[in-house]
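Everything on this sheet refers to the single structure shown next.
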Amino acid sequence: MYNKIYEKKEFMIFQVKEGYIVYNTKKSFQEGHTHLKHFEAAKTAIDLVMNKKVPKSTDGYYLTSLIRLSDDNNYITKINELLEAREQKGKKEKYYNVGYKLSKRSI
């Protein structure tokens with residue numbers, strides 16, 4: 001299949017051309033794997049799922065990856081709630097400092 005390079009309990013990491021595949025052997029491959037670009041991100045995903053920690057400062061793709069790897073419904077619900085809250089907030093507007101050009105001219 002692939003080159004397995006890391007294993008921790010029921011999780012495995014395989015190296016592929018475009019990064020890494022993390023797989024939870026307790027789930028079917030179709031439902032229990034995700035693709036990540038960096039090895040450290042893959043290892044961190046395993047640790048987060050095992051310890052049932054929800055990272056607050058990651059993007060939606062990474063959170064969805066954690067959902068795919070987990071088999072704990074409470075953990076999946078927490079992540080889905082975070083994703084829904086972010087979706088309701090929407091994108092932040094870009095910050096524009098109105099006084100920036102005025103203060104530069106006065107120098």
TODO: With unit charges on the beta carbon (Lys/Arg positive, Asp/Glu negative), name the residue among TYR96, HIS38, ILE79 whose Cα is farthest towards the positive pole of the charge dipole of the chain.
DONE: TYR96
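Only loop residues by DSSP count here, and only those with at most 16 other Cβ atoms within 10 Å; note down the trypsin sites (Lys or Arg not before Pro) in region 22-66 that meet that.
Answer by residue number: LYS26, LYS27, LYS37, LYS52, LYS53, LYS56.
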Open item on the list: Exposed loop sites here are chymotrypsin sites (Phe, Trp or Tyr not before Pro) in DSSP loop states with at most 11 other C-beta atoms within 10 Å. What is the longest stretch of the chain lacking them?
Closed with: 30-94
TODO: Match the structure shown to one of the listed values (1) 14, 46, 31, 9, 0; (2) 14, 46, 34, 5; (3) 13, 39, 21, 11, 9, 6, 1 of P(r) over Cα pairs in 10 Å bins from 0, in percent, computed from it, and give that label.
DONE: (3)
TODO: Measure off 7 Å from each Cα along the Cα-to-Cβ vector at ALA41 and TYR6, then give the distance between these two points in nanometres to one decimal.
DONE: 1.2 nm
Task: Helix-derived mean residue ellipticity, 222 nm - over the chain, DSSP H n ≥ 4, -39500 (n - 2.57), to 500 - done: -13000 deg cm²/dmol
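Net charge around LEU48, counting only other residues with Cβ within less than 13 Å of its Cβ (Lys, Arg = +1; Asp, Glu = -1)?
Here the count lands on +4.
Where a number appears in this text, it was derived from the coordinates with a stated rule and is not lab data. Treat the numbers as computed from the prediction; the structure is a model and nothing was measured. Every residue, glycine as well, gets a Cβ built from its backbone with ideal geometry; the counts of neighbours run over all protein chains shown.
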